[in-house]
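**Q** My questions all concern the structure below.
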Amino acid sequence: MLIQRIGLTNWRSFYGENDFFVSQDPQKNVTLIRAENGVGKTSLLAAINWCFFNILPAESEFENPKELVNKFAASREQATRATVEVDFKHDGKRYRASRSYDQRTMTTEPLRMVDLRAGGEVPISQSNPDRFINSVIPREMAPHFFFYGEATSRYTGATGAKKFGEAVKGILGSTVARMALDDLKKTCQEYNKQASDNTNAEARTIERQIEDIEAKITSCGGNLIRTEEEIEAATERMDRLSQELAGTKPAKEAQARRLRLESQLAAKEAERNKALARSSSWMQNYITSVLADELMSEAAEVIKAEETRRKLPSPYDKKLVNEILEDKMCICGRPVSEGSPEHDHIKTLLDSAGDQAVMSRVMSTREALGRFEQRAERAWSEFERNNEDLRKVESEIQRTDAELTEISKELAANPITDIAEKEAARGRAKQQRDQAIDRKSGFQATITNLQREMADLERRRDELIRKSDTAKRYVKRAQLSAALMARLDSRLAQEEEAARSTIEGEIDRIVQKFMRKPVRVKLDKDYQLRLYDEHGVEVAKSTGENQLLGLAFTGAISKFAKSRQNDNDDILLPGTVAPLVVDSPFGHLDPLYRRGVAEFLPDLASQVILLVSTSQASDVVMATLADKVDQQYLLTRHNRGDGAGKQPEVLSIGGNSYDLTKYNSEIDGTRITEVA
């Protein structure tokens, strides 16, 4: 897909008909749209998602989502409809997608699609426009092509890992295969139920118990998802309030200290988790040695006594005694005749002499016991060392927590009401997040216990149905379904692992080039993005680094999707080529990281549309983008008021001056202005 034009009619803050054209130049592929806050950047990005997929941002980022018609047009001209059009090219053809909203009935009209031929519109042959758009850009991929730059940092936290994984799976095109897996699971469950019904009453009872547990797991899983959403929402509120506090001069220094301490806290908590993992592995590695320590000591003493008591030490064993008797010659050279007292005495040694094989086993056992004893000694030293590490890191966590509490009290007691209120709101959000985290742990533990109980019941059921002749055909069908599930699941796991590794490599490449820290990126199996230094120690990430990583991620999956455009796979959908449309990509970045993002984003897609404020379009950004920008526009705010007492907002571009805000205008609303 290549977007050619975007048109807005009375959409949100945009008054009347507005449109702009998107760069088609493969070398200068950036279209830059500049505007101040509150003028319409987010509304413009929302318009694209809404037109294609009827998706609007969360209400926290998009106020009054049911008021889509421009208010001035509604009051002055009695306008009741807002319309968004997107003209694009796909597979050599030109199309126009459009969607409208009726303010009177508060209803969104269906997507309308037409071919653009010789300046005219021809309805497309497809009966389902939504399905056609979904074939061009799958709905699940859309949030990773049209996105809010400041929100990308959510992918780098624990709560964002799930979205990260969903994004990778969406770009991989495994949705249909996942649906097939779900269907196979239901089929397998139905065959197992039929097998139980054809076995006996006990099997049927167990099957009903399994169904009850599955229902409980499903219910608990739903609660877990909602709790994770609560955690994410609370975290987002905390982040937003933190950003607002950081932008308030009296709170800026305290907020900066808090950010540093929170980064340190995250690193210390990671250390604690590692120490706890070592404690868990200590039990697995040493429990046998520790518990058997006393028994091994006693066994060693017995072996030592039995090995030497009244026995010839190796190599003086039975073989040697038999050779003396056969040769009738003692090892000292003295003859030993049969029937002599010497002969009889030597013969009695056969009863106590050591057998070589037995002696070898005894010696091996003694060596093994020695190793056990050494392992037991080492176990306690490691136990003490790990406990000391835990005590140390727990102390540091407590100290950091105390410092964070003091900062919160300091801000809550600030005489400026706005700061105190924001800190109080942040405190409430943190409390809600912490409570949700506790509930999440409870749900996870419940699910684990239920799964363990269900596995035991399934084993009992399977033992019963294996003995039933009438259940055999259902058992075979269930086994076939399970085998197909295992093969498909294994294949998807391999594909997703390959995708994860590729995306990790691309993110790491970007980080190596642009991040000032000497770090490596790791994307673990749960899609958690982490940074590690040269010693393998996890590194805490700042707000700006989180945003850089988030942008690197979205860019990496966009590039991955493009690389799969022509894939012809038996179970996976092909990738897609689509423009990157990014709102506020430079928000929390310092000059070095802004330059890095400005350098790598244009290389990740055929088209890039950047929506930036004048502060984000800094000299370093504009200098880096200079050879990549083909089209440039301004969003100008028009006001009928005279703006008395307000400073004029004028932007100079290429020797020309442009008003960012116009007063004494005939309208209230935003208009799109092309930069000459």
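**Q** If we only count strands (runs of 3 or more DSSP E) wholly inside segment 1-52, which ones have 3 or more residues that are closer than 21 Å to residue 116 by Cα and open to solvent by 10 Å² or more (accessible area, probe 1.4 Å)?
**A** Strands (runs of 3 or more DSSP E) meeting the threshold: 2-9, 17-21.
**Q** So the check is Cβ under 9 Å with 6+ separation or different chains; which pairs have a first residue in segment 378-399 that's under 18 Å from residue 281 (Cα atoms) and part of a helix (DSSP H, G or I) and a second one that's open to solvent by 60 Å² or more (accessible area, probe 1.4 Å) and acidic (Asp, Glu)?
**A** From segment 378-399, the pairs are 389/271.
**Q** Continuing with this model, one more query. Would you point out which residue out of 486, 478, 482 is touching a Phe, Trp or Tyr at 6+ places or on another chain (Cβ under 6 Å), assigned to a helix (DSSP H, G or I), within 23 Å of residue 184 (Cβ to Cβ) and at pLDDT 90 or above?
**A** 478 is the lone residue from the list that is touching a Phe, Trp or Tyr at 6+ places or on another chain (Cβ under 6 Å), assigned to a helix (DSSP H, G or I), within 23 Å of residue 184 (Cβ to Cβ) and at pLDDT 90 or above.
**Q** For residue 611, work out the one condition from (1) surrounded by 14 or more Cβ atoms within 10 Å (Cβ to Cβ); (2) hydrophobic (A, V, I, L, M, F, W, C); (3) modelled with pLDDT under 90 it doesn't fulfil.
**A** If we test residue 611 against (1) surrounded by 14 or more Cβ atoms within 10 Å (Cβ to Cβ); (2) hydrophobic (A, V, I, L, M, F, W, C); (3) modelled with pLDDT under 90, just (3) comes out false.
**Q** Could you list all residues from segment 127-136 that are out of contact with any strand residue (DSSP E or B) (no Cβ under 9 Å at 6 or more places or on another chain) and either more than 21 Å from residue 91 (Cα to Cα) or buried (at least 18 other Cβ atoms within 10 Å of the Cβ) (or both)?
**A** none
**Q** Among the numbered criteria (1) closer than 25 Å to residue 497 by Cα; (2) at pLDDT 80 or above, which one does residue 70 miss?
**A** That leaves (1) as the condition not met.
**Q** In the set 146, 164, which member is among the aromatic types (Phe, Trp, Tyr), under 30 Å from residue 238 (Cβ atoms), under 30 Å from the mean Cα position of the chain (by Cα) and modelled with pLDDT of 80 or more?
**A** Answer to the check: 146.
**Q** Among the listed residues 334, 378, 361, which satisfies the condition of being farther than 30 Å from residue 233 by Cβ, exposed (fewer than 14 other Cβ atoms within 10 Å of the Cβ), at pLDDT 75 or above and not aromatic (Phe, Trp, Tyr)?
**A** After ruling out the rest, the residue left standing is 334.
**Q** A further question follows. Contact list please: Cβ distance under 8 Å, first residue in segment 431-457 and over 15 Å from residue 230 (Cα atoms), second residue among the polar types (S, T, N, Q) and assigned to a helix (DSSP H, G or I), pairs at least six apart or on different chains.
**A** 457/209
**Q** Given the residues 215, 251, which is the only one that is at pLDDT below 90, of a type outside the set (Phe, Trp, Tyr) and either in contact with a helix residue (DSSP H, G or I) (Cβ under 7 Å, 6 or more places away or on another chain) or in a helix (DSSP H, G or I) (or both)?
**A** Exactly one of 215, 251 is at pLDDT below 90, of a type outside the set (Phe, Trp, Tyr) and either in contact with a helix residue (DSSP H, G or I) (Cβ under 7 Å, 6 or more places away or on another chain) or in a helix (DSSP H, G or I) (or both), namely 251.
**Q** I'm trying to understand the selection: among the residues of segment 505-546, which are in contact with a Phe, Trp or Tyr (Cβ under 8 Å, 6 or more places away or on another chain), open to solvent by 30 Å² or more (accessible area, probe 1.4 Å) and modelled with pLDDT of 85 or more?
**A** Result: 513, 520, 522.
**Q** Find all pairs meeting these conditions: Cβ atoms under 7 angstrom apart; at least six residues apart or on different chains; first residue within segment 199-216 and without any contact (Cβ under 8 Å) to a residue 12 or more places away in the chain; second residue open to solvent by less than 30 Å² (accessible area, probe 1.4 Å) and part of a helix (DSSP H, G or I).
**A** What qualifies is 204/196.
**Q** How many residues are open to solvent by 30 Å² or more (accessible area, probe 1.4 Å) and either assigned to a helix (DSSP H, G or I) or of a type in the set (S, T, N, Q) (or both) if we restrict to segment 236-247?
**A** Counting residues in segment 236-247 that are open to solvent by 30 Å² or more (accessible area, probe 1.4 Å) and either assigned to a helix (DSSP H, G or I) or of a type in the set (S, T, N, Q) (or both) gives 7.
**Q** Sort out which residues of segment 473-485 are open to solvent by 60 Å² or more (accessible area, probe 1.4 Å), free of Cβ contacts under 8 Å to residues at least 60 places away in the same chain and more than 18 Å from residue 210 (Cα to Cα), and write them in order of number.
**A** Correct list: 473, 476, 480.
**Q** Then there's this: So is residue 81 open to solvent by 50 Å² or more (accessible area, probe 1.4 Å), modelled with pLDDT of 95 or more and touching a strand residue (DSSP E or B) at 6+ places or on another chain (Cβ under 9 Å) or not?
**A** The answer is yes for residue 81.
**Q** Failed condition for residue 114, given (1) in contact with an Asp or Glu (Cβ under 7 Å, 6 or more places away or on another chain); (2) within 16 Å of residue 3 (Cα to Cα); (3) among the β-branched types (Val, Ile, Thr); (4) in a helix (DSSP H, G or I), with all others met?
**A** It is condition (4) that residue 114 fails.
**Q** Could I ask something else about it? Those residues that are touching a Lys or Arg at 6+ places or on another chain (Cβ under 9 Å) and at pLDDT below 80, I need them from segment 98-123; list them, please.
**A** Within segment 98-123, just 123 meets the criteria.
The values are calculated or read from the model by the stated rules, or taken from the named source; none is laboratory data. Here the structure is a predicted model, which means the values were calculated and not measured. Don't worry about glycine lacking a Cβ; one is built from the backbone with ideal geometry, like all the others, and counts go over all protein chains shown. The accessibility values were calculated without ligands, DNA or RNA, using every heavy atom of the protein model including side chains. Shrake-Rupley method; radii C 1.70, N 1.55, O 1.52, S 1.80 Å.
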